[in-house]
1. How far is helix 75-89 tilted off the main Cα axis of the chain, in degrees rounded to 10, range 0 to 90?
2. Counting other beta carbons within 10 Å of each Cβ, put 196, 327, 468, 425 in order, fewest first.
3. Between residue 155 and residue 43, take the C-beta separation as r, use R0 = 25 Å, and let me know the FRET efficiency to the nearest 0.05.
4. Would you mind classifying the chain by shape? Square roots of the alpha carbon gyration tensor eigenvalues, ordered a ≥ b ≥ c; an a/c under 1.5 is rounded, otherwise it is prolate if a/b is larger than b/c and oblate if not.
5. How high is the relative contact order of the chain, in percent, counting Cα pairs under 8 Å that sit 6 or more residues apart?
6. Any idea what the relative contact order of the range 165-226 is, in percent, if you count C-alpha pairs under 8 Å spaced at least 6 apart?
7. Rounded, prolate or oblate, given the Cα gyration tensor of the range 357-502, with a/c below 1.5 counting as rounded?
8. Which residues in the range 437-464 have a backbone N closer than 19 Å to a point placed 7 Å from the Cα of residue 417 along the Cα-to-Cβ line?
């Protein structure tokens, strides 16, 4: 880690301290059109629209081309969000200015790009193969004019996904399908899943899945509280997400020397993370999330160890996620994910002698998934700059491997304005990831021209507050604002520190 006397600009350090002050409860995920569409469909017992602001939010956030989705047009995201919004806006309800026009434009968008998702190399949203056929069935029942045959093959993919978690298993205990309950055929038996709701009333921290259970009892309290947190009607895809955000923000600030463990806010955040990690060392994205995962668990161990907490005895808990070829995030996952495996490798390397075998497995997996000998892509984030940084952190800690291809790729893809970006323009988040990556390489002997750091710093210092396009992958593309902010702040601090070196 960069030492605490790093010459971070006051605005960077002040922003980091302010960020810490707000961490630990709730979450900062931006609104998700897909989830907002489902929430807008809820009705009270008398048929009254329960959350009318969410219907109005959909009207107000349609894009000029008729679609809904993230700033970067990726087909899976735009398809599932637009389909969900169109179906929601054709639900019966009171007159809504602009509704008919929005539906017409949304249908026109879907008709113009029915197969775009097939050729998309990245960005498949979670449960896309479940949600799209289900929504198409509803659209067809309403007589909406869409080229349904262009999506026919998704029906098989949907069934294959459902077969991974049969009905008996779904009803028997928490599974990853809880998160997608709204896309499963309604069945009175599914009411039994209410016993898996958390203390806050949510089902798998998913507003859309919780809405599918119906708004009564504790689920009603959860949805009402979420609506109060979203005054404009836009709802995040997940809430709460405090464990994930704590771990990622603390990690980014640590890497840049922006986490002073003597500061009360930092102490509070670290103690909160330690409490969340618990005695088994297995953590999910929040205290209420029913399934732990290796990414959150390993990240928490890394952060806490770096801050001086005694947590290395918890590393064995990560082995519960080990599969034949790699580590898996959730039971039933079709393919291993790059960044959780990188995180596990980095954590196990804290006691490398004890974990030689699983570490070797993960290294082989990461090398097998490397692209062009230089970079990585992961299904949880649409930019390779994020995934590649996480893998670099892990390989640099766990191996003596040279990453010359990664270094060349980073240097060659910096844009003239000092930024990095995969989709035709630079973004603050991707630039922060690239700087964090270069910093990890520099610590292991890579020589990086001072001009690279200086240009990155010039770009970042004027964009500490955004804009932050949606690059993370969930039910749609989304932005976890506190996590992204910490990435940008860390990148700005590190670029300034390296640029000042002789």
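1. 40 degrees
2. Ascending number of Cβ neighbours within 10 Å: 425, 196, 468, 327.
3. Between residue 155 and residue 43 the formula returns 0.30.
4. prolate
5. The value is 19 percent.
6. 29 percent.
7. Oblate is the answer for the range 357-502, as a/c is 1.5 or above yet b/c matches or exceeds a/b.
8. It comes to 452-464, nothing else.
Laboratory data are not the source of any read-out in this text; all were calculated from the coordinates shown. Note that the structure is predicted; figures quoted are calculated from it, not measured. Cβ: placed from backbone, ideal geometry, glycine included. Neighbour counts: every protein chain shown.
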